[in-house]
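Just so you know, all these numbers are worked out from the coordinates, no wet-lab data involved. The model shown is predicted, which means the values in this text are computed figures rather than measured ones. Here Cβ is always computed from backbone atoms with ideal geometry, including for glycine, and neighbour counts include all displayed protein chains.
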């Protein structure tokens, strides 16, 4: 009998996507979110139930002229996701937004699986990555919400696929594959500024050594156009030169008030927010430095909570909620195992592409320590990153050990062969 993984590539892809569609429908019905899609009743299953989604929708209305003046939310919500959301709504209504998220969900599964195959040349590994992502209930639930997470994981998966093409002397197309998804990421979630900076520096170093550096430089600059658009629009409409002020809002609205409560200066988060609002940036820095140990403790506490958090959108569905929490616990253990595994793979193979994916994971972890009470959507965006890293690191370490064992066998055979023939006298 022939293993189904040994099917022709496109046959395997079709089968996997059909399986994913079945899983999607099952989770959609179990969560109670898919039935309203069919009836399309008023409210459309609370697509904009969260404050964040309402802000994205308001920015989309402003972009498409439904609002006359810039709104405050535009300072903290970069343009790309509201642009996509507004286009989808104007083409297909509220159902169009859901269909956009479904398309991005399937893109995530296929791009992550394709990236895995390119890294390790194993269909089994690609199938495992695909199915783990497809069975994650949180990602499916998020496709029913007007939030950025599905767009983010899709861009990260595409970026890893592009990264799998990268060589030491990048061509213009390789530069575009690696840089453009990250540039688009930072105008969806500005927290990826760190990743963009690291990727840009790495590409600059590689481009200098590339024989096609002229066109590669052109591609490099062109890929940064989305970032330039965001910077110009922020300066023109909000008088603020930067990607957004969401970072400062997160620090002052979540992290610093929690630190206030932790050290006993405030009794509630609300009181802490009022106290922090009266501090200047310089005073905030002095406040954190004077309580540095507590600040680190609050960061680690928030990070652990976000890593173990359940989904925030499936209240009333106990079994699904318990399944998501159990999944998060398993992920937490696997991520702890990933630390030594990835470190060993980087030490043995010196794979710069794997190192860049690890930087992206660290980027998500850093952002995850500054907010709380968001469910698992803060950390779930790292799922395709650490999943691919886990598989690639496992295969790279296995490949090194296989090469070493073969080398040792060859050496022992070559040294033993002369001894087996006694010299004639």
With the 8 Å Cα cutoff and a minimum separation of six or more residues, region 168-239 has a relative contact order in percent of 49
Plugging the Cβ-Cβ distance of residue 25 and residue 362 into 1/(1 + (r/R0)^6) at R0 = 30 Å yields, to the nearest 0.05, a FRET efficiency of 0.25
Expressed in nanometres to one decimal, the distance between label points 7 Å along Cα→Cβ at residue 90 and residue 233 is 1.2
Over the chain, the sum of -39500 (n - 2.57) across DSSP H runs of at least four, divided by residue number and rounded to 500 deg cm²/dmol, gives at 222 nm -23500 deg cm²/dmol
re region 251-290: pairs of Cα atoms spaced beyond 17 Å account for a percent value of 14
Each label sits 7 Å from Cα toward the beta-carbon; between residue 347 and residue 274 the label points are separated, in nm, by 5.3
Taking only the Cα positions of the chain, the convex hull volume per residue in Å³ is 223
Of the convex hull enclosing the alpha-carbon atoms of region 287-350, the direction-averaged projected area in nm² is 7.1
Taking Cα atoms, the helix 213-223 axis meets the longest principal axis of the chain at an angle in degrees (rounded to 10) of 30
Between residue 222 and residue 282, Cβ-based FRET efficiency (R0 41 Å, step 0.05) works out to 0.60
Expected unfolding gain across residue 319-residue 167 under the 0.36 nm per residue rule, minus the alpha-carbon gap, is 50.1 nm
Contour minus Cα-Cα span, residue 122 to residue 292, at 0.36 nm per residue, comes to 56.6 nm
Taking 0.36 nm per residue of separation between residue 301 and residue 194 and subtracting their Cα-Cα distance, the length gained on full extension comes to 36.3 nm
